[in-house]
1. For the list (1) in contact with a Leu (Cβ under 6 Å, 6 or more places away or on another chain); (2) in a loop (DSSP other than H, G, I, E, B), I need the number of the one condition that residue A:145 fails.
2. So in the stretch A:109-154, with the set limited to residues that are of a type in the set (Lys, Arg) and surrounded by 17 or more Cβ atoms within 10 Å (Cβ to Cβ), which one is modelled with the lowest pLDDT?
3. What's the total number of residues in the stretch B:74-92 that are in a helix (DSSP H, G or I) and either in contact with a strand residue (DSSP E or B) (Cβ under 9 Å, 6 or more places away or on another chain) or small (Gly, Ala, Ser) (or both)?
4. For the stretch B:1-25, give me each residue that is assigned to a helix (DSSP H, G or I) and within 10 Å of DNA strand D (Cβ to nearest atom).
5. Check off (1) assigned to a helix (DSSP H, G or I); (2) within 10 Å of chain B (Cβ to nearest Cβ) for residue A:118 and give me the number that stays unchecked.
6. Residue B:4 passes all but one of (1) of a type outside the set (Val, Ile, Thr); (2) within 14 Å of chain A (Cβ to nearest Cβ); (3) within 9 Å of DNA strand C (Cβ to nearest atom); which number fails?
7. I'm trying to understand the selection: among the residues of the stretch B:76-119, which are among the hydrophobic types (A, V, I, L, M, F, W, C) and touching a residue at least 40 places away in the same chain (Cβ under 8 Å)?
8. Based on this model, can you work out whether residue B:41 counts as closer than 28 Å to residue A:112 by Cα, away from DNA strand D (no atom under 11 Å from the Cβ) and not assigned by TED's automatic domain parsing to the domain that holds residue B:165?
Number of protein chains: 2
Amino acid sequence: MATQERSSATQARILDAARALFLERNFADVTMEQVAATAQATKGAVYHHFASKEELYLAMLHADLEDKRELFQRAVDMPGNCRERLRRLTSDYFHLPRGHREIISLVRRDVNVFEGDARTSLIRAYQSALPEQVEKILCDGVEAKQIEAADPRLLSWSFVALVEVSLSPHAGRVFPGGEAKLDHILNLFFDGASTAVVPN
Amino acid sequence: MATQERSSATQARILDAARALFLERNFADVTMEQVAATAQATKGAVYHHFASKEELYLAMLHADLEDKRELFQRAVDMPGNCRERLRRLTSDYFHLPRGHREIISLVRRDVNVFEGDARTSLIRAYQSALPEQVEKILCDGVEAKQIEAADPRLLSWSFVALVEVSLSPHAGRVFPGGEAKLDHILNLFFDGASTAVVPN
DNA sequence: GCAAATACCGACCAGTCGGTATGTTTCCCC
DNA sequence: GGGGAAACATACCGACTGGTCGGTATTTGC
């Protein structure tokens, strides 16, 4: 039993190292030796647990995306109107530790290095982890006439994009507290930047 | 004189090839031989014009960003209110040929592979080509009370992000004509997604 | 028309890195 | 308590690629 614990511990260390490294460098610029070193293991150990660099990367991403999907699911299943649920989802997201928060933009960053099944399944995992959950909330909002009828998928991507903008250091400086940042995003998304009360 | 023409012609071909290749693959996944082949030249020719792979990449990006800066400048200098000028800027952008349109997201994609001066000057070029121009328009809007007082830089990034979302194939399907897409972005940014006429 | 310069070619080098083959240690099970 | 398998460690391979360098062809200035 001790050997199995030890094994899954190293596996977790390798995944952690991979997450940290792939977050700050490109897929191509991270070497398997760096991963091994950061995980306090050797290349042999890494290749014992993951068949290839690509598999390691994808395993890390899929694990992380699945975590997020479950987290956001809770906001989707929450009672309340569209805006409240979106606020909850975004708040949950902001309260993630830094290393886990930015993995999502990473999918967009180097999804292009893969092709075929790996690529499609990665995109699918990302879609179902984030945009589709937002989309569900938005669809309810459109149905309840809280939101203007528009393509929900496009709206959800737009919302995600606005959240991503708020990850920048500059946004952190403008809104030191998390609450104000949250309000800003929701206000911008729901009510727009204009002061005009009646849209043209 | 003919030799100089010939020279700058190959240089242009190399830059074109670089743009096309770097657009669909990572920096690391593009080889100098591929660039040479696509440009119908040899590696020797490429290295004759550009000292290194990094220099080629940066030269290509800077040239392209400078073009865009000049293009967007025209919208900034235009008379009219904030919304009209933003519309013009975005419209100009949409009317660019496809290969030139998406270069901008490319900066965000692999700015991380560089460090030091190269990195900072690239970010600066990007900033002054796009977000800062949007920012100027927004600042005027805030001053004229057409836009709610908020951090203009953050607002400009948000706007750029919304435009980027509309580059997706799905957005192209939802809005086959350019005009409708333009309206959608502007409506979303200025008036938000909500149906509520009076913001909370 | 010739010599120097410029543009260009392509074989080659050196370093890197993903992946493998082969030990070696540790633990589990009978 | 021993044999076997799983978890590592280490040495190494081979392919790839950025960059170099000696050489060639074409201009251009004189």
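1. For residue A:145, the failing item is (1).
2. In the first step, residues of the stretch A:109-154 are kept if they are of a type in the set (Lys, Arg); the result is A:109, A:119, A:124, A:136, A:145, A:153.
From what's left, surrounded by 17 or more Cβ atoms within 10 Å (Cβ to Cβ): A:109, A:136, A:153.
Details: A:109: 87, A:136: 95, A:153: 94.
Looking at the filtered set, the residue picked out is A:109.
3. Narrowing the stretch B:74-92 to residues in a helix (DSSP H, G or I): B:74-76, B:82-92.
Now restrict to residues that are either in contact with a strand residue (DSSP E or B) (Cβ under 9 Å, 6 or more places away or on another chain) or small (Gly, Ala, Ser) (or both): B:75, B:82-83, B:91.
Within the stretch B:74-92, residues that are in a helix (DSSP H, G or I) and either in contact with a strand residue (DSSP E or B) (Cβ under 9 Å, 6 or more places away or on another chain) or small (Gly, Ala, Ser) (or both) number 4.
4. Of the stretch B:1-25, the ones assigned to a helix (DSSP H, G or I) are B:2-24.
Matches in the stretch B:1-25: B:2, B:3, B:4, B:5, B:6, B:7.
5. Status for residue A:118: all satisfied but (2).
6. Looking at each condition in turn, residue B:4 falls short on (2).
7. Of the stretch B:76-119, the ones among the hydrophobic types (A, V, I, L, M, F, W, C) are B:76, B:78, B:82, B:86, B:89, B:94, B:96, B:103-104, B:106-107, B:111, B:113-114, B:118.
Those that are among the hydrophobic types (A, V, I, L, M, F, W, C) and touching a residue at least 40 places away in the same chain (Cβ under 8 Å): B:76, B:82, B:86, B:89, B:94, B:103, B:104, B:106, B:107, B:113, B:114, B:118.
8. On the way: closer than 28 Å to residue A:112 by Cα: yes; away from DNA strand D (no atom under 11 Å from the Cβ): yes; not assigned by TED's automatic domain parsing to the domain that holds residue B:165: yes.
Yes: the conditions hold for residue B:41.
The values are calculated or read from the model by the stated rules, or taken from the named source; none is laboratory data. The shown structure was predicted, so the numbers you read here are calculated from the model rather than taken from an experiment. As a convention, Cβ positions derive from the backbone with ideal geometry for all residues, glycine included, and neighbour counts pool all protein chains shown.
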